[in-house]
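Enquirer: After the structure tokens below, expect a handful of questions from me.
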Amino acid sequence: GKKVYDPRLEVTAGGTAGASPTNSSYIAYTKNPALCVCDYLMNSSFGLGVAAAKIDWAAIITAADGCDVSVSVPGGTEARFECNGVLFGTDPHRKNITKLLSGMNGNLVYSNGKYVVHAGIHEAATETLTEDDLTGAITVKTSIERSARFNTVKGLFIDPSTSMWPSASKAISRKL
């Protein structure tokens, strides 16, 4: 395992003024995949070496909390998502990040200059759409237009003069 930074323990997630989180009180061993993805992003030795200021800490905290929710399993409870695996330094960063994200059915997005981590959990909507947001009337298509359809008819012609079956016959097809 590896000790990683947990922003949920610190008053200012990500360190003061976006500085790299180095306070040992907030670094501990964890199986939380959201925290492991964050560590991989910031680690300059084998990860991407991303600055702490380029990480969306609110998203990391939401994902980490979602991963730590206790769920019932036969024989007790356990965390919803855990990260237990091996990463290889010879693998591309994309492959390693994909491995970490698979531990929480999550994804990583780079948006507005920040890395945003989402776990495979329900997150409440942050926007509400109304009719004022529409540019026109709503239309519903129940079928594909005839010009966009594509059908093929295939037949098998058996030549009676050869008295042979499919190996000597000719296949024909026609586009409708």
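Enquirer: Does the stretch 14-71 hold any residues that are aromatic (Phe, Trp, Tyr) and at pLDDT below 90, and which are they?
Expert: Matches in the stretch 14-71: 26, 46.
Enquirer: Determine, yes or no, whether residue 109 is of a type outside the set (Lys, Arg) and assigned to a loop (DSSP other than H, G, I, E, B).
Expert: Here the answer is no, as residue 109 does not meet what is asked.
Enquirer: Further question on the same structure: Is there a residue being in a helix (DSSP H, G or I), free of Cβ contacts under 8 Å to residues at least 60 places away in the same chain, of a type in the set (Asp, Glu) and open to solvent by 100 Å² or more (accessible area, probe 1.4 Å) anywhere in the stretch 116-135?
Expert: yes
Enquirer: Select from the stretch 136-150 the residues that are open to solvent by 100 Å² or more (accessible area, probe 1.4 Å) and not in a loop (DSSP other than H, G, I, E, B) and list them in ascending order.
Expert: 146, 147 - these are the residues of the stretch 136-150 that are open to solvent by 100 Å² or more (accessible area, probe 1.4 Å) and not in a loop (DSSP other than H, G, I, E, B).
Enquirer: Would you kindly identify the helices (runs of 4 or more DSSP H) lying entirely within the stretch 16-102 that contain at least 2 residues that are surrounded by fewer than 16 Cβ atoms within 10 Å (Cβ to Cβ)?
Expert: 57-68, 93-102
The values are calculated or read from the model by the stated rules, or taken from the named source; none is laboratory data. Predicted model only: the values in this text are computed from it and were never measured. Every residue, glycine as well, gets a Cβ built from its backbone with ideal geometry; the counts of neighbours run over all protein chains shown. Heads up: the accessible areas ignore ligands, DNA and RNA and are worked out on the full protein's heavy atoms, side chains in. Shrake-Rupley method; radii C 1.70, N 1.55, O 1.52, S 1.80 Å.
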